[in-house]
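Okay, so here's the structure we're looking at.
Values in this text are rule-based calculations from the coordinates and carry no lab data. Since the structure is predicted, the reported quantities are computational estimates derived from the model, not experimental observations. Every residue, glycine as well, gets a Cβ built from its backbone with ideal geometry; the counts of neighbours run over all protein chains shown.
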Amino acid sequence: MKTIIKNGQFLLRENDELIVSTANLIIENNMITSIVKSSDDFNDLFSEESLIEKVNVIDGRNKLYMPGLINAHTHTPMSLLRGYADDVSLREWFEHIWPIEAKLDGDAIKWASLLSIVEMIQSGTTCFLDMYDHMEQIAECVDLAGMRTCLCRGVIDFCSKQELDAKLQEVRALTVNWHGKAEGRISTMIAPHSLTTVTSETLNRLVRIADEFSLPIHTHFAEVTADVAEIKHKYKLSPTRYLLQHGVLNRKCLLAHAVHIDEDDINILSEHDVSIAHNPSSNLKLGSGMAPIPEFLEKNINVAFGTDSSASNNRLDVFTEMRATSLLYKGFKHDPELFPATQVIDMATINGARALFLEDVGELRVGARADLIAVNIDQPHFYPHSNLISSLVYSASGADVVDVWVDGRQLMKNKELLTIDIDKTVHEFKRVYKRFF
Ligand SMILES: [Zn+2]
């Protein structure tokens, strides 16, 4: 199957700079096979021979096509807990959330996760990292939905030895059963929930599993000052030196948050294959603080965006994270040149791919996987189209996304979902919600 998008505005990279250009793009199977700017050249490509084939031709006028957004840290089943514990600190939030989470079963996880997947597709996310339990249910949802994902069975200690052994068994089973599956759209990482919710011994066991399967490690890291104080009190080390001591930084690593870390920590992280998932809305809503993102970038540490869960955000819209980051750091650092639109778009796309250790996604180029979205720019808040790159960050929201493709397959067309029955999903979500609340 070949899809041709004609005369759209495309967000492309030229001489390492993001640009918007009128172009025509061809998708064959799961790849972008051609991007042609000149209509004459395109007409040559679009020969009579190719007309004989089954070709899906799309009029791209009034749409801006860009790489699908990448959400590098979330917990999809927590849509059930949206609005359940607002306006409290992270530690107090856990006190509300954990007792309910302990009761959730596979049926609840499935429909809550699918609702989040719907929300993400509708707002232009094509790839996400999910940390939770009952991950087999989530993997099946992802397979059905056609999304690209990195799945992590998050491990929290606070349980009996038998329960912990069972959790570690699930970590292994998730990787054995799903890593590289769903036409290669699913990968896995090993995920101690955080440095304060697993013991030193459990962290060692998880690092050994990561070594055994050659997988990256993902964890919540230095999210609030209490996390840092606890590690310093128990082990007389900063969280970063604690990671170093346990061999976590010897592997590829994705750290969520990294809000409360100092210059020594940043220097250590910069010497290893570490990415940061920056979750500005969640950090702000929980009053956790603002991560030293300019300092990370200065040291060439890769930074991507996460929404964290809809229980602490309370939305899963990566456009929101782009805008929040750009505006916040400009304001608080008194520097309007910080985080220009091109930089935050990179953080939401190509940096997200690097953070999930994925190749061939995160940009529109020939040979890349066809993970792309279309934004409807024929709306008042996009005119006069004088700077569409800036519009994507300062004017757009997820609600402006109209078309979504992942791995060459269209998941949303003119806002209609093609792989998920939204009415059934909402109906089942409501049924599940009533079982718990
Ligand atoms: Zn999280």
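Projecting the Cα atoms of Ser200, Asn302, Phe436 onto the charge dipole of the chain, computed from C-beta unit charges around the Cα centre, puts Phe436 farthest toward the positive end. With a ≥ b ≥ c taken as the square roots of the eigenvalues of the C-alpha gyration tensor of the range 285-355, please select rounded if a/c is under 1.5 and otherwise prolate if a/b is larger than b/c or oblate if it is not? Oblate shape, in that a/c is at least 1.5 and b/c is the bigger or equal ratio. Given R0 = 45 Å, the distance between the Cβ atoms of Leu418 and Asp157 translates into a calculated FRET efficiency of 0.60. The length gained by stretching the chain between Val88 and Asp360 to full extension, at 0.36 nm per residue less their Cα-Cα distance, is 93.9 nm. Can you find, among Thr419, Ile58, His272, the residue sitting farthest towards the positive end of the charge dipole of the chain, where Lys and Arg contribute +1 and Asp and Glu -1 at Cβ? The residue sitting farthest along the positive end of the dipole is Thr419.
Of Ala368, Ala72, Ala304, the residue with the greatest mean-square motion in the GNM of the chain, using alpha carbon springs below 10 Å, is Ala368.
In the elastic network of the chain, a GNM with C-alpha springs shorter than 10 Å, the most mobile of Ala112, Ala102, Ala353 is Ala102. Sorting the segments 133-141, 267-275 by their residues' average number of neighbouring beta-carbon atoms within 10 angstrom, most packed first, yields 133-141, 267-275.
By the beta-carbon count within 10 Å of each Cβ, the least crowded to most crowded order of Thr225, Thr196, Thr342, fewest first, is Thr225, Thr342, Thr196.
Under the convention that each Lys and Arg Cβ holds +1 and each Asp and Glu Cβ holds -1, the size of the dipole of the range 69-355 around its Cα centre is about 280 debye. Subtracting the Cα-Cα distance of Ser38 and Glu201 from 0.36 nm times their residue separation leaves 52.7 nm of extension gain. Assign one of three labels to the range 69-355, namely rounded, prolate or oblate, based on the Cα gyration tensor with a ≥ b ≥ c the square roots of its eigenvalues; rounded applies when a/c is under 1.5, prolate when it is not and a/b is larger than b/c, and oblate otherwise. Rounded, since a/c falls under 1.5.
Taking other C-beta atoms within 10 Å as the exposure proxy, Val142, Val366 rank Val366, Val142 from fewest upward. Among Ala182, Leu255, Leu164, whose Cα sits farthest toward the positive end of the charge dipole of the range 69-355 (+1 at Cβ of Lys/Arg, -1 at Cβ of Asp/Glu, about the Cα centre)? So the residue furthest toward the plus end is Ala182. In plain terms, the chain from Met290 to Val55 could stretch by 79.8 nm, reckoned as 0.36 nm per residue minus the Cα-Cα distance.
Give, as a single signed number, the net charge of other residues whose beta carbon lies under 14 Å from the beta carbon of His427, with Lys and Arg counted +1 and Asp and Glu -1.
Its environment carries a net charge of +2.
Total lysine pairs in the range 69-355 at Cα distances under 26 Å, for residues eight or more apart or on different chains: 22. Put in line by how crowded their Cβ is, counting other Cβ atoms within 10 Å and starting with the fewest, Cys253, Cys127 read Cys253, Cys127. Each residue, His272 and Phe213, gets one label point 7 Å from its Cα in the Cβ direction; the gap between the two is 2.0 nm.
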